[in-house]
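Q: Next up is a structure, given as structure tokens.
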Amino acid sequence: MAKKALAAQESSGHAGLDISTSAVRTCIGCRKADARDQLIRLVRSTNNSGTTVALVDVHARMPGRGAWLHPGLECWRLAIKRRAIGRALPGVTDVRDVELLAEQDLRKQA
Ligand SMILES: [Zn+2]
């Protein structure tokens, strides 16, 4: 009895992308939308010397214009490389705080 190989059936699983939560934000690194609590918030602020900076808003509670990033290094690198932070937060000239966090994560994961 000849057994015929069944062609792998590709079941396009539309199992229901049910994003019922309205709190979806777009990562400025990879540009993918994700739930708010999966992303880290960056906020535009002004430091002591009057420079407009991007700060990492760990608790997502700081006032000011915000941008969102995945906690993954890839996204941070992309955002810094593409200068996406300055675009998402106009006026920001100093992203050291963001770079610092990216570097710290880099060392942690290395
Ligand atoms: Zn991302």
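Q: Considering only segment 45-70, state which residues are part of a strand (DSSP E or B) and in contact with a Cys (Cβ under 7 Å, 6 or more places away or on another chain). Even if it seems obvious, please write down each step before you answer.
A: Start the filter on segment 45-70 by keeping residues that are part of a strand (DSSP E or B), which leaves 45-46, 52-57, 66-69.
68, 69 - these are the residues of segment 45-70 that are part of a strand (DSSP E or B) and in contact with a Cys (Cβ under 7 Å, 6 or more places away or on another chain).
Q: Can you name the residue in segment 26-40 that is assigned to a strand (DSSP E or B) and surrounded by fewer than 19 Cβ atoms within 10 Å (Cβ to Cβ) and is also farthest from the ligand (Cβ to nearest atom) among such residues? Walk me through it before giving the result.
A: Going through segment 26-40, the residues assigned to a strand (DSSP E or B) turn out to be 26-27, 33-35, 40.
From what's left, surrounded by fewer than 19 Cβ atoms within 10 Å (Cβ to Cβ): 26, 33-35.
Details: 26: 9, 33: 9, 34: 7, 35: 12 Å.
Step by step, filter segment 26-40, then rank; the result is 35.
Q: Right, another one. Considering 21, 93, 52, 26, which residue is modelled with pLDDT of 95 or more and more than 17 Å from the chain's Cα centre (by Cα)? Walk me through it before giving the result.
A: Values: 21 fails: modelled with pLDDT of 95 or more; 93 fails: modelled with pLDDT of 95 or more; 26 fails: more than 17 Å from the chain's Cα centre (by Cα).
Of 21, 93, 52, 26, the one residue that is modelled with pLDDT of 95 or more and more than 17 Å from the chain's Cα centre (by Cα) is 52.
Q: Can you pull out every residue in segment 55-73 that is surrounded by 14 or more Cβ atoms within 10 Å (Cβ to Cβ) and either within 10 Å of the chain's Cα centre (by Cα) or of a type in the set (S, T, N, Q) (or both)?
A: 67, 68, 69, 70, 72, 73
The values are calculated or read from the model by the stated rules, or taken from the named source; none is laboratory data. In this text the structure is predicted, and so the values were computed from the model without any measurement. Reconstructed Cβ throughout: ideal geometry from the backbone, glycine too, with neighbour counts over all protein chains shown.
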